[in-house]
Amino acid sequence: MLKQAFHQNEITEHAATYTSLTEETITNQLKGWKKDLFEVVKLQATEFQLSEVYRYKDRLQLAYPENNHIEAKIRQVLQHLRDMGLIEFIGEGSYRKSYQLV
């Protein structure tokens, strides 16, 4: 838990300077659901809708067959990515990427 908090803090500290982060730097700090959802977010336009992320729920269900609440988990993990400074919640199911990869 402490290790995860350290990694999350490291990413958050760099939130204002994402132009200096590589994709590898970000993905190496993420594990499990966060890493998988970040991979989905990377495929989206700069601004994207929750419904666009839901299109990947079947793939996520295959990756996490024990989870019977995939849409709720997607929303929860998007909140974590938001708290880490990787995305912004614009409102009404809309999000914006907060990072730029070099």
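The values are calculated or read from the model by the stated rules, or taken from the named source; none is laboratory data. None of these values were measured; they are calculated from a predicted model. All Cβ positions, glycine included, derive from the backbone under ideal geometry; neighbour counts span all protein chains shown.
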Taking the condition of being in contact with a helix residue (DSSP H, G or I) (Cβ under 6 Å, 6 or more places away or on another chain) and touching a residue at least 40 places away in the same chain (Cβ under 8 Å), how many residues in segment 83-100 meet it? 6
Selection count where residues are modelled with pLDDT of 95 or more, in a helix (DSSP H, G or I) and loosely packed, with under 15 Cβ neighbours inside 10 Å, scope segment 40-56: 1
Could you tell me whether any residue of segment 16-30 is within 21 Å of I74 (Cβ to Cβ) and modelled with pLDDT of 90 or more? yes
Filter segment 79-91 down to residues that are touching a strand residue (DSSP E or B) at 6+ places or on another chain (Cβ under 7 Å) and not aromatic (F, W, Y) and give me whichever is surrounded by the fewest Cβ atoms within 10 Å (Cβ to Cβ). I90
Restricting the first residue to segment 33-62 and requiring it to be over 13 Å from Y95 (Cβ atoms), which pairs with a second residue that is assigned to a helix (DSSP H, G or I) and of a type in the set (D, E) meet a Cβ separation below 7 Å and a spacing of at least six or different chains? K57/E71; L60/D36
Among the residues of segment 36-83, write down those that are of a type in the set (D, E, K, R) and within 28 Å of T22 (Cβ to Cβ). D36, E39, K42, E47, E52, R55, R59, K73, R75, R82, D83
In segment 57-74, the residues that are among the basic types (K, R) and buried (at least 16 other Cβ atoms within 10 Å of the Cβ): K73
